[in-house]
Amino acid sequence: MSAPRARPSAAALQAVLALLERHHGIGARGASPAWLAQRLERALAQLGEAHRLGPERLAGWLAAEPTELARLAELLRVGETRFYRDAEQWSAIAALARARPLSACASVGCSTGEEAWTLACVLAEQREDQRWRVVGMDRSAHALAIARRAHYSSEALEALPSALKQRSFHRTADGAWTPSAALRARVDFVERDLTQGPPAGRWDLLLCKNVLIYFGAQAQARAIQRLLGALGPEGLLLVARSEVPLLRAHAGRAVELAGGVVGFHGRAEARSGSE
Ligand SMILES: C[S@@+](CC[C@H](N)C(=O)[O-])C[C@H]1O[C@@H](n2cnc3c(N)ncnc32)[C@H](O)[C@@H]1O
């Protein structure tokens, strides 16, 4: 029988959480702190065993081993995503794309690509000129590999309106659905951590949905300022509905789009129509 694993003390857990928040945003004040603590404790026990380190030494070791810290962040990752998640938001984005050029757009925290490819489908339908691009960004190399390959099941594409699916996807020999070459030419994926800010650029549209809820309070505040600061003159940041109060609390300038969907302007660039 193997000896029971030593459990990390509350102080040791806090020290690791502080590192995770500083380098990857992850925080105990996110959506479900208890869940995070349980997963973290399990992951640290495995790590300690694999590297023969007692729980109290793990934070010091992780501080000197950024690759291991990133691996730990990956173990804690929540990657849930769907095509056409929140249909009303997508209708609002389509209306926005008809009203003004959305040339530089990004999905920040794009996970396995469903959000970035949905955005590309919506823009392709609204913008005949094809002068737009979408960047999907995530800190997970594993998720990005799936996003780039972009082979999805019929079930995964179920919520995507069939006109968008027929226009922009085709079937592969193994029965998966994959984006057309024309769509692929307009979409890139980059590995980057949001604690470093979104990719450089003046963005017309930034989607950052269901990412900030998993951040600690300080990392949230910094990430929100960076997202708002990366918007172009009429740029908009859209978050998940559950994250809208968070943006309001950080003084994002809200604007109501079609269907009551709320977006946020960068500070200096807030336009008329703001609430
Ligand atoms: C729950 S998924 C949301 C996916 C998609 N935005 C959606 O709403 O369907 C959260 C994603 O955010 C990514 N993420 C979390 N923290 C991040 C960070 N600090 N930098 C970049 N990506 C991050 C995770 O890797 C994960 O793929």
Which of the residues spanning region 97-138 are aromatic (F, W, Y) and in a loop (DSSP other than H, G, I, E, B)?
-> W132
If we keep only residues of region 97-115 that are more than 9 Å from the ligand (Cβ to nearest atom) and surrounded by 21 or more Cβ atoms within 10 Å (Cβ to Cβ), then the residue nearest to R39 (Cα to Cα) is G113
Pick from region 46-81 the residues that are touching a helix residue (DSSP H, G or I) at 6+ places or on another chain (Cβ under 9 Å) and basic (K, R): which of them is farthest from the ligand (Cβ to nearest atom)?
-> R57
Hey, which of the strands (runs of 3 or more DSSP E) in region 153-197, taking only ones fully inside, have at least 1 residues that are touching a residue at least 60 places away in the same chain (Cβ under 8 Å)?
-> 177-179, 187-191
Kindly establish whether G259 is within 20 Å of L119 (Cβ to Cβ) and either without any contact (Cβ under 8 Å) to a residue 24 or more places away in the chain or not hydrophobic (A, V, I, L, M, F, W, C) (or both).
-> yes
Of the residues E56, E68, E80, which is exposed (fewer than 15 other Cβ atoms within 10 Å of the Cβ), outside the structural domain of E158 (by TED's automatic domain parsing) and under 25 Å from Q220 (Cβ atoms)?
-> E80
So which residues in region 220-252 are surrounded by fewer than 20 Cβ atoms within 10 Å (Cβ to Cβ) and outside any helix (DSSP H, G or I), if there are any at all?
-> G232, P233, E234, A240, H250, A251
Considering residues that are more than 18 Å from the chain's Cα centre (by Cα) and among the basic types (K, R), the number found within region 236-263 is 2
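The values are calculated or read from the model by the stated rules, or taken from the named source; none is laboratory data. All figures in this text were calculated on a predicted structure; none of them were measured in a lab. Because the Cβ atoms are built from the backbone with ideal geometry, glycine has one as well, and the counts that use them run over all protein chains shown.
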